[in-house]
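> Structure below; questions to follow.
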Amino acid sequence: MTAVEPVPGSPSQFLVASRTGATRYLVDLAEYSGNGQCGCAHFEFRLRPELERGARPSWRLRCWHIREALLCAAALYLAASRNEESRGG
Ligand SMILES: [Zn+2]
């Protein structure tokens, strides 16, 4: 099992394995104006309340899982743009 898996048909959603590998969290990168949200306890209890109070998207307000999902999304985007180039687009 890979650490980060895109959710088919839902470009902003990823399943991210916890660092112990025991759990997987659903991350949605589109939530909170692009900050992203996660189902882990750190996000739910520490980060979400700040975003609910109107905090702007910030690297500080992204848990490890959201950051992993962002790296995966960037890799997919770059791979897709490379494919576009090779097709002459
Ligand atoms: Zn998380």
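None of the figures in this text is laboratory data; all of them are computed from the coordinates on show. Here the structure is a predicted model, which means the values were calculated and not measured. Don't worry about glycine lacking a Cβ; one is built from the backbone with ideal geometry, like all the others, and counts go over all protein chains shown.
> If we count every other residue with Cβ under 15 angstrom of W59's Cβ, Lys/Arg +1 and Asp/Glu -1, where does the sum land? Intermediate values should be presented prior to the final figure.
Working: positive: R46, R56, R60, R62, R67; negative: E50, E68.
Surrounding charge for W59 is +3.
> Give a residue-ordered list of calculated ³J(HN,Hα) values for the range 62-70 (Karplus: 6.51 cos²θ - 1.76 cosθ + 1.60, θ = phi - 60°; whole Hz; x for Gly, Pro).
These are the phi-based 3J(HN,Hα) values: 10, 6, 4, 5, 5, 5, 4, 5, 5 Hz.
> About the Cα centre of the range 4-86, what is the dipole size in debye to 20, counting +1 per Lys and Arg Cβ and -1 per Asp and Glu Cβ, all else neutral? Write out the running numbers ahead of the final one.
On the way: 10 positive and 9 negative charges, 75 e Å.
Dipole about the Cα centre, nearest 20: 360 debye.
> Cα-based Rg (one decimal) and Dmax (whole number) for the range 1-67, in Å?
Just the Cα atoms of the range 1-67 yield Rg and Dmax of 11.6, 36 Å.
> What FRET efficiency comes out for E85 versus S33 if R0 is 35 angstrom and r is the Cβ-Cβ distance? Round to the nearest 0.05.
Working: r = 31 Å, r/R0 = 0.87.
The computed FRET efficiency comes out at 0.70.
> If you don't mind, there's one more thing I want to ask. What relative contact order, as a whole-number percentage, does the chain give when Cα pairs under 8 Å and 6 or more residues apart are counted? Provide the component values of the computation, followed by the final result.
On the way: 105 pairs, mean separation 19.7, N = 89.
In percent, rounded to a whole number, it is 22.
> Further question: Could you calculate the FRET efficiency of E50 with L76 from 1/(1 + (r/R0)^6), where r is the beta carbon distance between them and R0 is 25 Å, rounded to 0.05?
0.35
> Continuing with this model, one more query. When the helix-only estimate is applied to the chain (DSSP H runs of n ≥ 4, each -39,500 (n - 2.57), divided by the residue count), what is the mean residue ellipticity at 222 nm, nearest 500 deg cm²/dmol? Don't jump to the answer; show the numbers that get you there.
Numbers: 3 runs with 32 residues, N = 89.
Using -39500 (n - 2.57) per qualifying helix, the result is -11000 deg cm²/dmol.
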